[in-house]
1. Kindly provide the set of residues from region 19-39 that are surrounded by 14 or more Cβ atoms within 10 Å (Cβ to Cβ) and assigned to a helix (DSSP H, G or I), ordered by number.
2. Only residues that are of a type outside the set (A, V, I, L, M) and at pLDDT 95 or above: list them for region 69-86, please.
3. Restricted to region 40-76, and to residues that are among the hydrophobic types (A, V, I, L, M, F, W, C) and touching a Leu at 6+ places or on another chain (Cβ under 6 Å), which residue is surrounded by the most Cβ atoms within 10 Å (Cβ to Cβ)?
4. All but one of (1) of a type in the set (A, V, I, L, M, F, W, C); (2) under 20 Å from GLU4 (Cα atoms); (3) outside any loop (DSSP other than H, G, I, E, B); (4) modelled with pLDDT under 95 hold for ALA133; which doesn't?
5. Here is a list: ASP86, ASP42. Which entry is in contact with a strand residue (DSSP E or B) (Cβ under 9 Å, 6 or more places away or on another chain), farther than 18 Å from VAL15 by Cβ and not β-branched (Val, Ile, Thr)?
6. Tally time: how many residues in region 1-27 are polar (S, T, N, Q) and modelled with pLDDT of 95 or more?
7. Is there a residue in region 113-127 that is touching a Gly at 6+ places or on another chain (Cβ under 6 Å), modelled with pLDDT of 95 or more, crowded, with 17+ Cβ neighbours inside 10 Å and hydrophobic (A, V, I, L, M, F, W, C)?
8. Could you list all residues from region 54-107 that are within 13 Å of the chain's Cα centre (by Cα), in a strand (DSSP E or B) and not polar (S, T, N, Q)?
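The values are calculated or read from the model by the stated rules, or taken from the named source; none is laboratory data. If you're wondering where the values come from, they're calculated on a predicted model, not measured in any experiment. For neighbour counting, all protein chains shown are included, and Cβ atoms are generated from backbone atoms with ideal geometry for every residue, glycine included.
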Amino acid sequence: MHIEQILKTKGSDVVTARADETIAQAAIRLEANAIGALVIVDNENTPVGIFSERDLARGLNEFGPRLSATPISSLMSGNVVTCEPDDLISDVMATMTERRIRHLPVLKRGKLAGVVSIGDMVKERLNEIETEASAMRAYIAGV
């Protein structure tokens with residue numbers, strides 16, 4: 001199964017922000033969209049970072065009351081790891097687990113095509129397992 005299968009189900013909308021926006025703006029966007037991370041993009045809409053709830057918590061500890069006005073660039077994770085629609089879910093899951101990454105931008109021909117989370121991966125894998133189990137039960141029952 002490939003990443004494109006997840007994008008077909010969840011869609012390809014990506015909530016983004018710029019590195020020079022404030023943490024307050026990022027927090028509002030996270031809450032308004034009920035998401036756990038923003039993809040930080042440059043002027044060409046190329047991912048340059050990820051800003052997550054984890055970064056927000058770290059920033060509160062680091063910046064205290066000054067956090068709201070702090071630029072996203074001060075806390076975002078740079079060196080963005082990405083995947084492509086034709087990557088295998090199992091391979092992407094392994095990368096995310098190994099690197100302790102919870103959100104991964106999906107690039108198609110170098111352009112932002114979506115974002116997947118570890119939760120998306122687990123949900124898709126559980127659906128796959130349930131489908132296999134149903135097929136096996138039907139086979140055993142002689143249907």
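1. Correct list: ILE23, GLN25, ALA26, ALA27, ARG29, LEU30.
2. Restricting attention to region 69-86, the residues satisfying the condition of being of a type outside the set (A, V, I, L, M) are 70-71, 73-74, 77-79, 82-86.
Scanning region 69-86 gives THR70, PRO71, SER73, SER74, THR82, CYS83, GLU84, PRO85, ASP86.
3. PHE51
4. Going through the list (1) of a type in the set (A, V, I, L, M, F, W, C); (2) under 20 Å from GLU4 (Cα atoms); (3) outside any loop (DSSP other than H, G, I, E, B); (4) modelled with pLDDT under 95, ALA133 breaks only (2).
5. ASP86
6. Start the filter on region 1-27 by keeping residues that are polar (S, T, N, Q), which leaves 5, 9, 12, 16, 22, 25.
Filter once more, so that each one left must be modelled with pLDDT of 95 or more: 16, 22, 25.
Residues meeting the conditions: 3.
7. Within region 113-127 (the criterion being touching a Gly at 6+ places or on another chain (Cβ under 6 Å), modelled with pLDDT of 95 or more, crowded, with 17+ Cβ neighbours inside 10 Å and hydrophobic (A, V, I, L, M, F, W, C)), the answer is no, since none of the residues qualifies.
8. Within region 54-107, CYS83, HIS103, LEU104, PRO105, VAL106, LEU107 qualify.
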